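One structure coming up, written as structure tokens, with questions to follow.
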Amino acid sequence: MRRSGFVLVAGLLLVSGEPALAADPSFDCDGARSNVEKMICGDDELAALDVKLAKTFAKVLSMAPADGVSELKMSQKSWRQQMIKCGDKPDPRACVVQSYNKRMSGF
């Protein structure tokens, strides 16, 4: 009985000792500089939106004609600069969610 109690406690420690799923956006969080990037790195929902947009953008980019690739990349860079400005809004998180959703609906 003593041994099974040990196994139960050890099993509980393993389960409870597992780290929570960390946000894993499409960019390297070690390089996050802006408050918005840091917020995305700490929020699973925002990180998931970031990954979804990155996959959508990659798909759109792969289907774009060669002469449209540069323009698409520039529009993505411009969108990202605007999204980063969400950090200055009264509700930065809501602004980021809206920005991602609007961008994805534009493809």
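The values are calculated or read from the model by the stated rules, or taken from the named source; none is laboratory data. Just so we're clear, the structure is a prediction, and the values are computed from it rather than from any experiment. Here the Cβ positions follow ideal geometry from the backbone for every residue, glycine too, while neighbour counts run over all protein chains shown.
Could you tell me which numbered condition Asp44 fails, if it satisfies all but one of (1) of a type outside the set (Lys, Arg); (2) touching a residue at least 24 places away in the same chain (Cβ under 8 Å); (3) under 19 Å from Ala23 (Cα atoms)?
Here Asp44 clears every test but (2).
Another question about this same structure. Looking only at residues that are free of Cβ contacts under 8 Å to residues at least 12 places away in the same chain and in a helix (DSSP H, G or I) in segment 96-107, which one is nearest to Asn35 (Cα to Cα)?
Filtering first and then ranking leaves Gln98.
Pick from Gly42, Gly106, Gly68: which is surrounded by fewer than 16 Cβ atoms within 10 Å (Cβ to Cβ), on the phi < 0 side of the Ramachandran plot and at pLDDT below 95?
Selected residue: Gly106, the only one of Gly42, Gly106, Gly68 that is surrounded by fewer than 16 Cβ atoms within 10 Å (Cβ to Cβ), on the phi < 0 side of the Ramachandran plot and at pLDDT below 95.
Would you check if Ala94 is surrounded by 13 or more Cβ atoms within 10 Å (Cβ to Cβ) and of a type outside the set (Lys, Arg)?
In short, no.
For segment 21-92, give me every one of the helices (runs of 4 or more DSSP H) that falls completely inside it and has 3 or more residues that are within 14 Å of Arg103 (Cβ to Cβ).
Qualifying helices (runs of 4 or more DSSP H): 44-63, 69-84.
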